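One structure below.
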Amino acid sequence: MVAEAIRERLGLPVTAVTSLADARRALMDENRYFLVLTGLVLADADQQTIIDTFVSRGLPTVVVSGVYDETIRQRILGRSVVDCVLKSAPGNIDYLVWLVQRLDRNRRLAALVVDDSLTARSYTAALLAMYGFRVVEAGDGATALDLLASDRGIRLVVVDYQMPGMDGIEFTRRVREHHARDKLAIIGVSASERATLVAQFLKNGANDFLHKPYSREEFFCRISQNADNLDLIGTLQDLATKDFLTGLPNRRHFFEQARRRFDQAVAAGRPLAVAMLDIDHFKHINDTWGHDTGDAVLRAVAATLALAATSQDLVARFGGEEFCMLAPDMPVDIAMRRFERLRRAIADLRIPCGDATVSLTVSIGVCPAPRESLHAMLSDADRLLYLAKAGGRNRVVTGEG
C-alpha cells in the first residue's frame, strides 16, 4: 500500500522487498535510493540488525511499526532514524507519502547552521543532513552572511542567539535586509529563558523559534513546517505569475518585469527589442485536431521560445495563441536573423496526435529598438505582427531601428 501510494501520488520509483537479504541486494546499487522505509519484523533478521543495515549505509531511514511500544520507539529514535510511524494510526499512509515528498524535496535545498558551539552546531547539522539537506556551517554571524551571499541554494537558516560579535537577533535583522521571508526561512534557537527573546527574533524577521534543548521530533516538525511553507508560497507565486498551461510567465508578470528592464535599457543607452508572436490558424488546429492537441501545440511553442531565449530575455504567454519576447542587448542587425531562426524552429515542430503529426507556423512582428515607452514598443510589435499576418503568415516583419 505504501509503495503504490508513493508511486501514484509522487511519481517516484519504489522497490518493495520482503526480506533483509533482498534489501541488501537492492542496495548494491548505492546511488539508486535516497530513503528507506522499513518494518521491524522480517523473517531473516531481528530489529537491531534491520536498523543497523540501513543506518550504517548513511541512508535516511523511516521505521514503520505495527506495535506501539514507547521503549522501542525511544530506542529507535536514539539512532539516526528520521521517524518512527505507527502502521495502524489513521491517515498513516497520507503521512508517509508527505514524509517521502518532504525528504525528496529537501535534497534540492541547502540549510545553514550558525552557532559558535562546535558541539551544538555539529548536532544540528547532522540532523539536517539526515533529513536530506545539503548542510553549510558557520561559527559566527559574519561568516554566515558571507555564505548566504555566495550560496544561492540556501533556503533555511538555523541560528543560535548567543554568539560573540553578532548575536542571532542582529544576524537575523541583517539577513532580512537582502532575503525575504518567502525565500529564506530563519529559525532562531536558544537555551535562554528570557521572556522577550522569542518576540525579538520574530520581530526582527525570524520565521520560527525553538527552545534548547529540543527533541528531535519537534526539530523535524518545525523544520518541515517551515520548508512546507516556503514550498506553498512558491506555488502561490507561480500561480500568480506563471501561465498554468505552458509554464511561461504570464502577461501580468511580463509587465511587472518588462517595465523595469525597459527603463534600465533606456537609461544605459542599450539596444532592446520586443517581438510579438502568434500561432497561425490556431483555431483551425483546435477545430481539426481537438483542444488537447491545441494545448500540446501551445506547450511546444512555449518550450521552443524558452529554449531560444537567453538568460537576459523575458518571454511570456500573453493569452490565447499569442506570445511576447523582450530581448535586451539585441542590436537591430541581429534581431531579424534571430527571430527568423525562431520562426524556422517552430515550423520544424511536429506534434504527435494519435497516428498522425501536426505541423504549424507562426507570424512574428519585431520592434527592434527602444521607443518612447514600453507600451509604444509593444504597439509597434503588434502592428508589425498584423502586417506579417496580412502578408501571408509564417514570416517575420521587422520595423525600423
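The table below lists the values:
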{"quantity": "Accessible area (Å², 1.4 Å probe, nearest 10) - MET336", "calculated": "80 Å²"}
{"quantity": "Virtual spin-label span in nm between ASP140 and ASP182, 7 Å along Cα→Cβ", "calculated": "3.6 nm"}
{"quantity": "For the stretch 246-274 versus the stretch 8-25, the gap between their alpha-carbon centres in whole angstrom", "calculated": "48 Å"}
{"quantity": "Gyration tensor (alpha-carbon) shape descriptor, the stretch 67-153, a/c threshold 1.5", "calculated": "oblate"}
{"quantity": "Lysines whose Cα lies under 24 Å from that of LYS203, excluding same-chain neighbours fewer than 8 positions away", "calculated": "LYS183, LYS212"}
{"quantity": "Residues in the stretch 48-64 reached by a label modelled at ALA5 [backbone nitrogen below 16 Å; 7 Å Cα→Cβ]", "calculated": "62-64"}
{"quantity": "Potential extension, GLU372-GLN257 segment - 0.36 nm per residue separation minus Cα distance", "calculated": "39.7 nm"}
{"quantity": "Cα gyration tensor shape of the stretch 156-234, rounded if a/c is under 1.5, else prolate or oblate by comparing a/b with b/c", "calculated": "oblate"}
{"quantity": "Distance between the stretch 109-125 and the stretch 177-202 - C-alpha centres, whole angstrom", "calculated": "16 Å"}
{"quantity": "Nearby lysines by direct alpha-carbon distance to LYS283 (threshold 16 angstrom, same-chain neighbours under 8 apart not counted)", "calculated": "LYS389"}
{"quantity": "For LEU210, distant residues with modelled amide H under 5 Å away", "calculated": "GLY188, VAL189, SER190"}
{"quantity": "Residue-by-residue Karplus 3J(HN,Hα) for the stretch 219-235, coefficients 6.51, -1.76, 1.60, Hz, glycine and proline x", "calculated": "4, 4, 5, 5, 4, 5, 4, 5, 5, 4, 4, 4, 4, 5, 4, x, 5"}
{"quantity": "ALA369 long-range amide H proximity, modeled H, under 5 Å", "calculated": "VAL274"}
{"quantity": "Fully extended contour minus Cα-Cα distance, from ARG341 to VAL55, at 0.36 nm per residue", "calculated": "97.5 nm"}
{"quantity": "Under-5 Å amide H pairs with CYS353, H placed in peptide plane, nonlocal only", "calculated": "VAL358"}
{"quantity": "For the chain, share of DSSP beta bridges that run antiparallel, in % to the nearest 5", "calculated": "45 percent"}
{"quantity": "Inter-probe distance in nm under a simple model that places probes 7 Å from Cα toward Cβ, at CYS353 and ALA26", "calculated": "4.3 nm"}
{"quantity": "Surface accessible to a 1.4 Å probe, ARG134 within the full protein complex, Å²", "calculated": "120 Å²"}
{"quantity": "Orientation-averaged projected area, Cα convex hull of the stretch 100-226 (nm²)", "calculated": "7.0 nm²"}
{"quantity": "Inter-site label distance for VAL17 and ALA267 at 7 Å from Cα along Cβ, in nm", "calculated": "6.1 nm"}
{"quantity": "Nearest-10 value in Å² for the accessible area of ILE233, using the 1.4 Å probe", "calculated": "60 Å²"}
{"quantity": "Cα-based shape type of the stretch 206-319, given that a ≥ b ≥ c are square roots of the gyration tensor eigenvalues and the cut on a/c is 1.5", "calculated": "oblate"}
{"quantity": "Theoretical gain in end-to-end length, LEU307 to VAL41 [0.36 nm per residue, Cα-Cα removed]", "calculated": "90.6 nm"}
{"quantity": "Karplus-derived 3J(HN,Hα), 6.51/-1.76/1.60, for each residue of the stretch 126-132, Hz, glycine and proline x", "calculated": "5, 5, 5, 5, 5, 7, x"}
{"quantity": "The chain: calculated mean residue ellipticity at 222 nm from DSSP helix runs of at least 4, using -39500 (n - 2.57)", "calculated": "-15000 deg cm²/dmol"}
{"quantity": "Inter-centroid distance (Cα atoms) of the stretch 334-359 relative to the stretch 34-56, Å", "calculated": "53 Å"}
{"quantity": "Using a Förster distance of 51 Å, the FRET efficiency for GLN48-GLN162 (Cβ separation, nearest 0.05)", "calculated": "0.85"}
{"quantity": "Per-peptide average of other Cβ atoms within 10 Å, ordering 177-183, 136-142, 107-113, 302-308 highest first", "calculated": "107-113, 136-142, 302-308, 177-183"}
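The values are calculated or read from the model by the stated rules, or taken from the named source; none is laboratory data. Since this is a predicted model, take the numbers as computed values, not measurements. We place every Cβ from the backbone using ideal geometry, glycine too, and count neighbours over all the protein chains shown. For accessibility, only protein heavy atoms count, side chains too; no ligands or nucleic acids. Shrake-Rupley method; radii C 1.70, N 1.55, O 1.52, S 1.80 Å.
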